[in-house]
Amino acid sequence: MRKLLFALLLASPTLTFAQGSQVNTQGIRALGMSGAGSALFVDETSIFYNPGALVKSANNAISVGASAVMYRSAFQEINSNVQHNTKFQISPPFSIFASFGPKNSWWKAGIGVYTPFGGAVDWGTEWPGRFELNHLALRAIYIQPTLSFKLTENFGIGGGFVYNIGTVDLSRSIPVFDQNGNPGRAELSGMGTGMGFNIGAHYHLEDEFAISLSYRSHVRTKLEDGDAEFTVPAAVAASFPSTKFSAELPLPSSFNIGISLPLNEKLDLAGDATFIGYSIYKKLVFDYEDNTPVLADTEQTKKYENALSGKVGLNYTANDKLALRTGIGYVYTPVRSQYVYAETPDNNRIMGSVGFTYTLSDKFDLSGAYTFQRIMERTTTNVETRMSGTYKTNIHAPGISLTYKW
């Protein structure tokens, strides 16, 4: 029973830390190029991609965007011909960016509210891993006030303070059964907060070349007074008291370098490479307010590795009103094979995207994009849960944003 609770209560927020929950939809223009464009797009979304570029934007603006991330995964046990699929659902990461300040000035300010981590997955209650997970939904919302300064006409720097609000909600079955053979159920939910920063520098040569350097710090989100509720037969209810718990969830840092250069008067090439500091996630510790012989404070080793991603995209200016985009990318997973969980059966992934921006008027722009990600098939045996089988995962992410400029 102790081993059961150990496995049950440790896996809860792990979606927070894998590539599967890193949401790269903050800027719909960049989304159309698979996330490339930190050096190319100098606008209000630079609050996220590179605060040093914000001061170079020609207008003050407010941009509101959202995506419909559809995460579909399948699992097949070793020596079985039955495939189990997650239920269809949509996770809607959103972003709001606003910039303001004197035009053609040496400074500009802004604020961003965006969701860089989050996701939802629902395996149901009938699959082989139901005692590992039924469903999970989480979101990390970053609030980032930002200042940007122009040191020369070509060189800008900037930075912003980040405040994170994170939420998690999950359920899973427990192998204790009532008289009708129905398993017990555990439900965990909570909210945490954390702080960090985002800094960047942007340099460009007129109509030739631009380079972007940015660093987003890790954010240690402290979750306190989370709710742990158990539905079990009366005979074992004393061993499963509904209680409170606390934990610390480390969201990773990242260092990004981006470049852009014109190939001709209408076509621009952009590329981004990102180093992601996932090694901060070494273990996950839960501290429970009320303990029993089977509900003790727990600790699980994760040993995530640092990860890399590379993205390349093209931006084509068709005419004065329409720009078209496409891009590809490759992402290395931080998750070691023996630590793959059903929350995020992660592996290396490839992605492709298309997008557009249409100028509705002097004041309004409409942007749209679609990205497809294919997570490589992975056969693994988890060292804690002993779940052994093959995972396959696809992610679809259409998005849209509307920008008002003044």
Which of Gly181, Val64, Ala369, positive extreme of dipole for segment 2-405 (C-beta unit charges): Ala369
Identify, among Asn198, Phe155, Thr243, the residue whose Cα sits farthest towards the positive end of the charge dipole of the chain, taking +1 on the Cβ of Lys and Arg and -1 on the Cβ of Asp and Glu, with the dipole about the Cα centre. Phe155
Can you tally the net charge around Leu151? Count Lys and Arg as +1, Asp and Glu as -1, for every other residue whose Cβ sits under 15 Å from the Cβ of Leu151. +2
Please report how far the C-alpha centroid of segment 264-295 lies from that of segment 100-173, rounded to the nearest whole angstrom. 12
Point-to-point label distance, Glu229-Ile350, nm (Cα→Cβ direction, 7 Å offset): 4.5
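Please work out how much length the chain gains when fully extended from Phe209 to Gln179, using 0.36 nm per residue of separation minus the C-alpha to C-alpha distance, in nm with one decimal. Spell out each step's value before the answer.
Working: separation 30, 0.36 × 30 = 10.80 nm, distance 7.08 nm.
Residue separation times 0.36 nm, minus the Cα-Cα distance, leaves 3.7 nm.
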Residues in segment 114-136 reached by a label modelled at Ser80 [backbone nitrogen below 17 Å; 7 Å Cα→Cβ]: 122-135
How much length would be gained if the chain were fully extended between Lys222 and Thr390, taking 0.36 nm per residue of separation minus their Cα-Cα distance, in nm to one decimal? 57.2 nm
Can you give me the Rg/Rh ratio for segment 325-406, using Cα atoms for both radii and the Kirkwood formula for Rh? 1.22
Pop a pseudo-label 7 angstrom from the Cα along the beta-carbon direction at both Lys303 and Met376 and give the gap in nm to one decimal. 2.0
Simple label model, 7 Å out from Cα along Cβ direction - Ile257 to Thr317, nm: 2.8
List the pairs from Lys282/Lys311; Lys244/Lys283; Lys108/Lys321 whose alpha-carbon separation is above 23 Å, in the order I gave them. Lys282/Lys311; Lys108/Lys321
In deg cm²/dmol and to the nearest 500, what is the mean residue ellipticity at 222 nm of the chain if only DSSP H runs of at least 4 residues count, each as -39500 (n - 2.57), divided by the residue total? -1000 deg cm²/dmol
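Each reported figure results from applying straightforward, stated rules to the coordinates on display, with no laboratory input. Nothing here was measured: the structure is a model prediction, and the numbers come from that model. With ideal geometry, Cβ positions are generated from the backbone for all residues, glycine too; neighbour counts draw on all protein chains shown.
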